[in-house]
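Before I ask anything, here is the structure I am working with.
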2 protein chains.
Amino acid sequence: MVDGVRERMIDGAVRLLARQGLQGTSFAEVLQATGTPRGSIYHHFPGGKDQLVAAALDTAGDDTIRGLAGLTGASPAQVTERYLGLWRELLVQSDTTAGCAVLAVTVAARSDDMLDRAATVFRSWRDQLATLLAAGGHPSPVPFATTLVAASEGAVVLSRAERSLEPFDAVAAFLLAEARDIRP
Amino acid sequence: MVDGVRERMIDGAVRLLARQGLQGTSFAEVLQATGTPRGSIYHHFPGGKDQLVAAALDTAGDDTIRGLAGLTGASPAQVTERYLGLWRELLVQSDTTAGCAVLAVTVAARSDDMLDRAATVFRSWRDQLATLLAAGGHPSPVPFATTLVAASEGAVVLSRAERSLEPFDAVAAFLLAEARDIRP
DNA sequence: GTCTATACGAAGATAGAC
DNA sequence: GTCTATCTTCGTATAGAC
């Protein structure tokens, strides 16, 4: 089933994790926010909250990778702009109340399994960006890709704290200027 | 009293917030970790957990500002190196299990008051760095200072997820190269 | 697959003795 | 200032009916 109950629960978990953090998000809230049947959470996620969070991490990771589709042959500046655009859109659409679910889980994770899962997502973003940047002729794709991921994550946090796009836009401007400097 | 019970509680809260997040840190853990008398938490913090967290945010903010002391007249590269060094030291000393308490509070904050407090800390870091960078002759101190704060925060998160210094060091290398490029 | 009811534990907060 | 005891709320998880 494409739009099944399970998928709605996972999507809701991603949204709530990004807004309220790991321990700040309860099953009850996920059910309420998604209008999902109350009795079926442990049917879909017998492993409990950890299993739901794991699925949410994977989904959040895939969503971002999907947001980078169609960039083969793009310049480093275009890649940078697209990636930054994904995060800016999250801030705009949530009125700067949402952040990154993967980051939220990382800072509150209590098991190595959960940390591993988050690390895998971050790593997939870095790898995908580095591949695109290298293909676009960037001379040091790995350090720049890592900085792009790290700075975006941090910039989203700063903007959430201030409830303003100003910090994010300052960081984005700096990174874009860097990417535009590259002449392949 | 300089090393009083109240101060020990606040320092413990900073450490635990940086490791376990906001809702992941309980009063009981703070008391246990600091060997602090059980019955006196509401004596020192009648406003409850929110008041303790607020004090922890202020302390964490001041600690970092203090870490930037003695940099008047320093070059942008020296300022950048010092700031990055503060965060790298946190990762090393905690075996990559600790992060930034202010970030942890921001992503799980449930009140605007708490968000304001975190924003004030981030802003103080940005302002202090921008002032130092400007004094050192950096041509665009504000965007670079903001990127320095954001990228450091994100890099610490990436390194915690991977339990490795590699992501942090990649970001640090990129930022340091940027700062060294500046010729005043 | 979905429901209700309930057990169990954790955490914040308060009251009152010492 | 510090203590213990307790209230209350909330969240996870399980059991068993429909």
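Taking the condition within 11 Å of chain A (Cβ to nearest Cβ) and either aromatic (Phe, Trp, Tyr) or in contact (Cβ under 8 Å) with a residue 60 or more places away in the chain (or both), does B:Ala77 pass? Give the steps one after another, and end with the answer.
Values: within 11 Å of chain A (Cβ to nearest Cβ): no; either aromatic (Phe, Trp, Tyr) or in contact (Cβ under 8 Å) with a residue 60 or more places away in the chain (or both): yes.
Criteria not met by B:Ala77.
Being in contact (Cβ under 8 Å) with a residue 60 or more places away in the chain and away from DNA strand D (no atom under 15 Å from the Cβ): is that true of A:Gly35 here?
no
Is it true that B:Ala161 is crowded, with 16+ Cβ neighbours inside 10 Å, among the hydrophobic types (A, V, I, L, M, F, W, C) and closer than 23 Å to A:Ala101 by Cβ?
yes
Also: Would you call B:Arg82 away from chain A (no Cβ under 12 Å) and surrounded by fewer than 20 Cβ atoms within 10 Å (Cβ to Cβ)?
So B:Arg82 passes the test.
Quick check on my filter: what residues within the stretch B:100-140 are free of Cβ contacts under 8 Å to residues at least 40 places away in the same chain and over 18 Å from B:Gly21 (Cα atoms)?
Listed by number, the residues that qualify are B:Arg123, B:Arg126, B:Asp127, B:Ala130, B:Thr131, B:Ala134, B:Ser140.
Identify all residues within the stretch B:85-117 that are at the interface with chain A (Cβ under 9 Å from one of its Cβ atoms) and of a type in the set (Ser, Thr, Tyr); write none if there are none.
Across the stretch B:85-117, the qualifying residue is only B:Thr106.
Name the pairs: first residue in the stretch B:82-99 and within 14 Å of B:Val14 (Cα to Cα), second residue part of a helix (DSSP H, G or I) and small (Gly, Ala, Ser), Cβ to Cβ under 7 Å, at least 6 apart or on different chains?
Pairs that qualify, where the first residue is within 14 Å of B:Val14 (Cα to Cα) and the partner is part of a helix (DSSP H, G or I) and small (Gly, Ala, Ser), are B:Ala98/B:Ala18; B:Gly99/B:Ala18.
Quick one: which residue in B:Leu57, B:Leu68 is within 14 Å of chain A (Cβ to nearest Cβ), away from DNA strand C (no atom under 15 Å from the Cβ), modelled with pLDDT of 95 or more and within 14 Å of the chain's Cα centre (by Cα)? First the steps, then the outcome.
Working: B:Leu68 fails: within 14 Å of chain A (Cβ to nearest Cβ).
When all the criteria are applied, what remains is B:Leu57.
In addition: Can you tell me which residue within the stretch B:127-152, out of those that are more than 8 Å from every other protein chain (Cβ to nearest Cβ) and within 15 Å of the chain's Cα centre (by Cα), is surrounded by the fewest Cβ atoms within 10 Å (Cβ to Cβ)?
Of all residues in the stretch B:127-152, those more than 8 Å from every other protein chain (Cβ to nearest Cβ) come to B:127-139, B:141, B:145, B:148.
Applying the additional criterion that residues be within 15 Å of the chain's Cα centre (by Cα) yields B:127-129, B:145, B:148.
Working: B:Asp127: 13, B:Gln128: 19, B:Leu129: 28, B:Ala145: 27, B:Leu148: 27.
Restricting to residues being more than 8 Å from every other protein chain (Cβ to nearest Cβ) and within 15 Å of the chain's Cα centre (by Cα), the top hit is B:Asp127.
What number goes with the only condition from (1) in contact with a Phe, Trp or Tyr (Cβ under 9 Å, 6 or more places away or on another chain); (2) over 25 Å from B:Gln23 (Cβ atoms); (3) buried (at least 24 other Cβ atoms within 10 Å of the Cβ) that A:Ala179 does not pass?
(3)
Give the stretch B:38-61 a look and list any residue that's β-branched (Val, Ile, Thr) and within 15 Å of DNA strand D (Cβ to nearest atom), or say none.
B:Ile41
Is there a residue in the stretch B:156-163 that is within 13 Å of the chain's Cα centre (by Cα), at pLDDT 95 or above and within 7 Å of another protein chain (Cβ to nearest Cβ)? Write out each step before concluding.
Step one: list which residues in the stretch B:156-163 are within 13 Å of the chain's Cα centre (by Cα), which gives B:156-157.
Still in the list and also at pLDDT 95 or above: B:156-157.
The next check asks that each one be within 7 Å of another protein chain (Cβ to nearest Cβ); those that pass are B:157.
Among the residues of the stretch B:156-163, at least one is within 13 Å of the chain's Cα centre (by Cα), at pLDDT 95 or above and within 7 Å of another protein chain (Cβ to nearest Cβ), which makes the answer yes.
Does B:Phe122 count as touching a His at 6+ places or on another chain (Cβ under 7 Å), at the interface with chain A (Cβ under 9 Å from one of its Cβ atoms), crowded, with 16+ Cβ neighbours inside 10 Å and outside any loop (DSSP other than H, G, I, E, B)? Write out each step before concluding.
Working: touching a His at 6+ places or on another chain (Cβ under 7 Å): no; at the interface with chain A (Cβ under 9 Å from one of its Cβ atoms): yes; crowded, with 16+ Cβ neighbours inside 10 Å: yes; outside any loop (DSSP other than H, G, I, E, B): yes.
No; evaluated as a whole, the condition is false for this residue.
Would the stretch B:162-170 turn up any residue that is out of contact with any Pro (no Cβ under 6 Å at 6 or more places or on another chain) and under 22 Å from A:Ala161 (Cα atoms)?
Checking the stretch B:162-170: not a single residue is out of contact with any Pro (no Cβ under 6 Å at 6 or more places or on another chain) and under 22 Å from A:Ala161 (Cα atoms).
Sort out which residues of the stretch B:2-50 are on the phi > 0 side of the Ramachandran plot and either away from DNA strand C (no atom under 12 Å from the Cβ) or within 14 Å of chain A (Cβ to nearest Cβ) (or both), and write them in order of number. Let's see the steps before the verdict.
Step one: of the stretch B:2-50, the residues on the phi > 0 side of the Ramachandran plot are B:21, B:35, B:48.
Residues satisfying the conditions are B:Gly21, B:Gly35.
The values are calculated or read from the model by the stated rules, or taken from the named source; none is laboratory data. All values reported here derive from a predicted model rather than from experimental measurement. Every residue, glycine among them, receives a Cβ derived from its backbone with ideal geometry; neighbour counts consider all protein chains shown.
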